[in-house]
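Remarks on the structure that follows.
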């Protein structure tokens with residue numbers, strides 16, 4: 001597709017369940033980012049992938065959060081044993097290293113933990 | 001660590017100018033950015049400014065950068081209802097942009 005695609009767009013889950021959020025970046029973009037958007041909290045950096053380099057995981061809030069990027073393309077963010085405070089919109093973005101700083105965002109996956 | 005701060009809300013009348021302010025802490029960023037998020041959509045890059053510039057103008061948008069005070073502002077001239085959105089200031093390098101909390105701009109007739 002032409003843009004960054006995320007799925008599911010909405011996810012409601014029960015506390016304690018695991019969830020997987022998927023991101024399909026723009027073809028050819030080497031960099032992929034996950035951010036979390038909570039009400040009144042702005043965008044919180046979670047993790048960054050660049051090519052074949054080791055990802056920057058410095059923003060992951062706990063060890064319940066993990067992400068992988070297969071084949072340098074699609075990425076999955078996994079949240080284990082979800083908690084109510086995990087409720088947020090999870091945004092994925094990709095960028096081309098040739099255009100520094102312009103991130104192309106997906107529409108996000110809204111996660112609600114009951 | 002890096003920190004970017006913005007006020008949360010701004011309300012303006014249609015046709016007036018809007019000024020959205022941002023302060024940041026990391027003085028080493030090459031670029032500073034303004035992103036716009038319309039309701040139900042992802043963020044889109046609105047404009048950016050090189051750190052060695054003081055001002056950048058792009059149609060109705062004017063970005064002012066005061067490096068000494070680490071202050072960035074976005075001025076929207078002749079604000080329209082279609083400008084209603086959340087505006088995020090961001091700084092950093094391409095490997096990690098740090099975003100502010102976002103300023104919700106509401107334009108009323």
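Computed from the coordinates by the stated procedures, all read-outs in this text should not be read as laboratory data. As the structure is a prediction and not an experimental result, all values here were calculated from the model. Every residue, glycine as well, gets a Cβ built from its backbone with ideal geometry; the counts of neighbours run over all protein chains shown.
For the stretch B:30-97, the relative contact order comes to 37 percent (Cα pairs under 8 Å, sequence separation of at least 6). Rg and Dmax of chain A, both derived from C-alpha coordinates alone, stand at 13.4, 42 Å. The Rg/Rh ratio of the stretch A:50-114, with both radii computed over alpha carbons and Rh defined as the Kirkwood radius, is 0.98. Projecting the alpha carbon convex hull of the stretch A:1-43 along each direction and taking the average yields 4.3 nm². Roughly how far apart, in whole Å, are the Cα centres of the stretch A:46-114 and the stretch B:1-51? Taking the Cα centre of each part, the stretch A:46-114 and the stretch B:1-51 sit 22 Å apart. Counting only Cα atoms, chain B measures 41, 28, 20 Å along its principal axes, largest extent leading. Between residue A:84 and residue B:23, the modelled labels are 3.4 nm apart [label points 7 Å from Cα along Cα→Cβ].
Applying D = kT/(6 pi eta Rh) to the stretch B:53-109, where Rh is the Kirkwood radius over alpha-carbon pairs, T corresponds to 37 °C and eta to 0.692 mPa s, the Stokes-Einstein value obtained is 254 µm²/s. Here the label points at residue B:67 and residue B:96, each 7 Å from Cα along the C-beta direction, are separated by 2.3 nm in the simple model.
Applying 1/(1 + (r/R0)^6) with R0 = 35 Å to the Cβ-Cβ distance of residue B:9 and residue A:2, what FRET efficiency is obtained, to the nearest 0.05? E between residue B:9 and residue A:2, to the nearest 0.05, is 0.60. Kirkwood analysis of the protein assembly as shown, using all unique Cα-Cα pairs, places the hydrodynamic radius at 18.0 Å. Relative contact order of the stretch B:1-58: 26 percent, from C-alpha pairs under 8 Å at least 6 residues apart in sequence.
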